[in-house]
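Right, one structure below, let's go through it.
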Amino acid sequence: MFLIVHATVGAAIGERLEPPAFSFWAGFLSHFVADIIPHGDERSGRLLFCPERLHWLVILAIIDGLAAMSLIAVLWLGGFFNNAIGAMAGALGAIMPDVLAGFSELSHGKLWPHFARFHERNHKLINYEIPLVAGGVVQFGFFLVTIYLSR
Ligand SMILES: [Zn+2]
């Protein structure tokens, strides 16, 4: 799932919790729940994950991560979050599993191999892949439901 969706879910949960450490870990756990939902980017991840295309995956992840943090900042500035520190901690926690899994992949499995396997296996709990476009619709819908429920 895109980081911008994970970050929004993490922020919506984290905003409701104190202290920020709880927000962070609640966001972290929310990542695994959200990843269970078939979300369509598994195939594109596999296509990009080869040495000659890896830079595109890294660039996409950086853009996605920056967009996620920008959105959280915009929502905070717009008065959407009462507890901005909790929201930011939840968002950071929610994107952290993909950051850790990414570093594990870049290290060829030398960093956190058990965590990376758990993260990958979690994606396949519902073993049903959907096309990227359908996944985009699912992710956008999930994003909108999160925004709606957290009002
Ligand atoms: Zn993930």
Spin-label pair L111/A73, simplified geometry with 7 Å Cα→Cβ offset, distance in nm:
2.3 nm
Just to be sure I understand: with springs between alpha-carbon atoms less than 10 Å apart, which residue in L92, L17, L106 has the highest mean-square fluctuation in the Gaussian network model of the chain?
L106
Suppose the chain between H55 and L149 were pulled fully straight at 0.36 nm per residue; how much longer would it get relative to their current alpha carbon spacing?
30.2 nm
Note the angle between two axes, namely the Cα long axis of helix 113-123 and the longest principal axis of the Cα atoms of the chain, as a number of degrees from 0 to 90, rounded to the nearest 10.
80 degrees
Dipole-positive endmost among I130, P19, M88 within the chain (Cβ charges, Cα centre):
I130
Order the peptides 21-28, 70-77, 111-118 from the highest to the lowest mean number of other Cβ atoms within 10 Å of their residues.
21-28, 70-77, 111-118
Calculated [θ] (222 nm, deg cm²/dmol) that DSSP helices of n ≥ 4 give over the chain, each run adding -39,500 (n - 2.57):
-24500 deg cm²/dmol
Below 8 Å, C-alpha to C-alpha, sequence gap of six or more: please give me the relative contact order for region 3-149 in percent.
43 percent
Quick one: angle between helix 54-77 and the longest Cα principal axis of the chain, in degrees between 0 and 90, rounded to 10, please.
10 degrees
Using the heavy atoms of the protein chains alone and a 1.4 angstrom probe, what is the accessible area of region 26-151 per residue in square angstrom?
61 Å²
With charges set only on the Cβ (+1 for Lys and Arg, -1 for Asp and Glu), what does the dipole of region 3-149 come to about its Cα centre, in debye to the nearest 20?
200 debye
Quick one: among H123, H39, H55, which has the greatest mean-square fluctuation in a GNM of the chain with alpha-carbon springs under 10 angstrom?
H55
Residue farthest toward the positive end of the dipole of the chain, with Cβ of Lys/Arg at +1 and Asp/Glu at -1: which of F118, L75, W56?
F118
Using alpha-carbon coordinates, inclination of helix 84-106 to the longest axis of the chain, degrees
10 degrees
For F32 and Y128 in the same chain, what is the full-extension length gain: residue separation times 0.36 nm, less their Cα-Cα distance, in nm?
32.9 nm
Per-pair calculated FRET efficiency, R0 = 30 Å: L100 and E18 via Cβ, rounded to 0.05:
0.75
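The values are calculated or read from the model by the stated rules, or taken from the named source; none is laboratory data. Just so you know, these numbers come straight off a predicted model, no measurement behind them. Note: ideal-geometry Cβ built from the backbone for every residue, glycine included; neighbour counts use all protein chains shown. The accessibility values were calculated without ligands, DNA or RNA, using every heavy atom of the protein model including side chains. Shrake-Rupley method; radii C 1.70, N 1.55, O 1.52, S 1.80 Å.
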